[in-house]
1. Quick check on my filter: what residues within the range 79-101 are surrounded by 13 or more Cβ atoms within 10 Å (Cβ to Cβ), assigned to a loop (DSSP other than H, G, I, E, B) and either of a type outside the set (Asp, Glu) or modelled with pLDDT under 95 (or both)?
2. With the structure loaded, tell me whether Asp157 is touching a Gly at 6+ places or on another chain (Cβ under 9 Å) and over 21 Å from Ser45 (Cβ atoms) or whether it fails that test.
3. Taking the range 139-161, which residues are in a helix (DSSP H, G or I) and either modelled with pLDDT under 95 or among the hydroxyl-bearing types (Ser, Thr, Tyr) (or both)?
4. Could we say that Phe15 is among the aromatic types (Phe, Trp, Tyr) and at pLDDT 95 or above here?
5. Output the residue which, of all residues in the range 28-67 that are surrounded by 16 or more Cβ atoms within 10 Å (Cβ to Cβ) and touching a helix residue (DSSP H, G or I) at 6+ places or on another chain (Cβ under 8 Å), is farthest from Lys107 (Cα to Cα).
6. Can you name the number of the only condition in (1) closer than 20 Å to Arg164 by Cβ; (2) assigned to a loop (DSSP other than H, G, I, E, B); (3) among the small types (Gly, Ala, Ser) that Ala72 fails?
7. Going through the range 68-78 one residue at a time, which ones are surrounded by 16 or more Cβ atoms within 10 Å (Cβ to Cβ) and of a type in the set (A, V, I, L, M, F, W, C)?
8. Suppose we filter the range 74-105 for residues that are farther than 13 Å from Gly58 by Cα, hydrophobic (A, V, I, L, M, F, W, C) and within 14 Å of the chain's Cα centre (by Cα); how many remain?
Amino acid sequence: MKKKGKIVTAVAGIFLFLTSATLFGGGKKGPTAITGVAIPEGYRSWKVVSASHRTDKGEIRLILANDVAYEAFQKKTLPFPDGSILAKLAYKAEKHPAWEAALVPGKPMRQEFMVKDSKRFSKTGGWGFGRFVDGKPVGDEKLYASCFPCHESGAADQDYVFTRFSP
């Protein structure tokens with residue numbers, strides 16, 4: 001009887017581990033930045049939250065959100081709940097070949113991710129940051145040390161997220 005109870009407890013523990021790993025960006029992971037933030041599987045099918053044009057960098061950026069973050073944007077929920085993940089896809093802005101007045105995404109520059117896990121990233125407002133070029137992690141501790149202070153100074157009132165929902 002004791003052995004059966006231990007087996008049930010072990011199975012329940014494994015189930016809880018796998019469930020929490022999937023909820024908080026674990027599970028099957030892609031390349032991982034030094035911060036522990038990985039490229040989430042399936043992020044390219046997430047919903048678009050907004051887009052931006054950075055004139056100082058000559059980039060067009062698309063901001064995608066997983067289901068948890070998307071719902072928070074829609075409901076204007078702050079702070080974002082744990083499990084929220086945002087993806088920023090940055091492209092070189094180029095003139096449209098057939099329409100000179102239009103800028104379109106050109107060469108991919110990088111992918112960046114923000115992962116909300118208030119325990120794991122407690123020192124950075126609950127957010128972890130990851131940057132990737134050509135699907136490979138880039139950046140050292142100095143680069144990542146600059147992420148949160150920028151978000152803190154410019155978006156503290158929005159749970160450190162610059163992006164605003166574009167319905």
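The values are calculated or read from the model by the stated rules, or taken from the named source; none is laboratory data. None of these values were measured; they are calculated from a predicted model. All Cβ positions, even for glycine, are placed from backbone atoms using ideal geometry, and neighbour counts span all protein chains on display.
1. Matches in the range 79-101: Pro79, Phe80, Pro81, Gly83, Ser84.
2. So Asp157 does not fit the description; no.
3. Result: Tyr144, Ser153.
4. no
5. Thr35
6. For Ala72, the failing item is (2).
7. Within the range 68-78, Val68, Ala69, Ala72, Phe73 meet the criteria.
8. Qualifying residue count for the region: 5.
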